[in-house]
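Please read the structure below before turning to the comments.
The values are calculated or read from the model by the stated rules, or taken from the named source; none is laboratory data. Remember, it's a predicted structure, so these values are computed and weren't measured experimentally. Heads up, the Cβs are rebuilt from the backbone with ideal geometry, glycines too, and the neighbour counts pull from every protein chain shown. The area values use the complete protein model at the heavy-atom level, side chains included, leaving out ligands, DNA and RNA. Shrake-Rupley method; radii C 1.70, N 1.55, O 1.52, S 1.80 Å.
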Amino acid sequence: METKPALLNLISRYSLEPIELILEGKADALRQLAAILEQPASSPYHLNRPDHSPSPYTGFLEILQIIQTDTPLRVKRQENKLLIIGSEIQFMNLAHQVQSLANESERISPRLRPHFHVEYYEGSEDVMADSDPFVVSA
């Protein structure tokens with residue numbers, strides 16, 4: 001019997017021009033994501049897909065796939081999947097950022113939309129050059 005992927009109460013959007021990937025959720029969902037990143041499993045996770053338009057973005061991503069390798073962090077879109085690929089240390093660093101975001105989101109007004117960016121910059125050893133710009137938002 002095949003098991004269904006777990007549902008995360010997170011929403012992911014993407015845009016094509018310019019390329020950008022967004023992952024957003026409330027504090028509890030972000031903490032769940034941080035826990036998953038601390039002990040990654042390659043099994044996919046379903047993401048919420050709202051009934052409304054993704055505008056101003058191009059569309060929604062429905063699956064989160066976390067893949068542990070020995071490389072720097074790489075975030076990519078593959079059809080309807082959000083892929084987060086990287087080493088254990090990169091996942092631990094990302095989990096810490098996500099946990100901090102969850103904590104911050106409970107201390108400030110939701111209108112401020114706390115978030116952080118994961119992007120390659122020249123000389124970066126933490127993010128792969130071919131990684132898509134990625135924003136995690138509360």
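Rolling a 1.4 Å probe over the protein heavy atoms of the chain, with every protein chain left in place, gives an accessible area that is 49 percent carbon and sulfur.
Residue ranking by accessible heavy-atom surface, 1.4 Å probe, largest first, among GLU125, GLU104 comes out as GLU125, GLU104.
Beta bridges assigned by DSSP with both partners in the chain are antiparallel in approximately 60 percent of cases. Rounded to the nearest 20, the Cβ-based charge dipole of the chain about its Cα centre (Lys and Arg +1, Asp and Glu -1) stands at 520 debye. Accessible surface comparison of GLU122, GLU38, GLU88, GLU20, probe 1.4 Å, protein chains only, largest first: the order is GLU122, GLU88, GLU38, GLU20. Each Cα pair under 8 Å and six or more residues apart adds its sequence gap; the mean of these over the residue count of the chain is a relative contact order of 27 percent. Shown here: the chain, whose C-alpha atoms stretch 43, 37, 31 Å along the first, second and third principal axes, sorted largest to smallest. Look at where the Cα atoms of region 64-104 and of region 18-43 average out, and the two centres are 7 Å apart. Probing with 1.4 Å while keeping every protein chain in the model, the per residue accessible area of the chain equals 58 Å².
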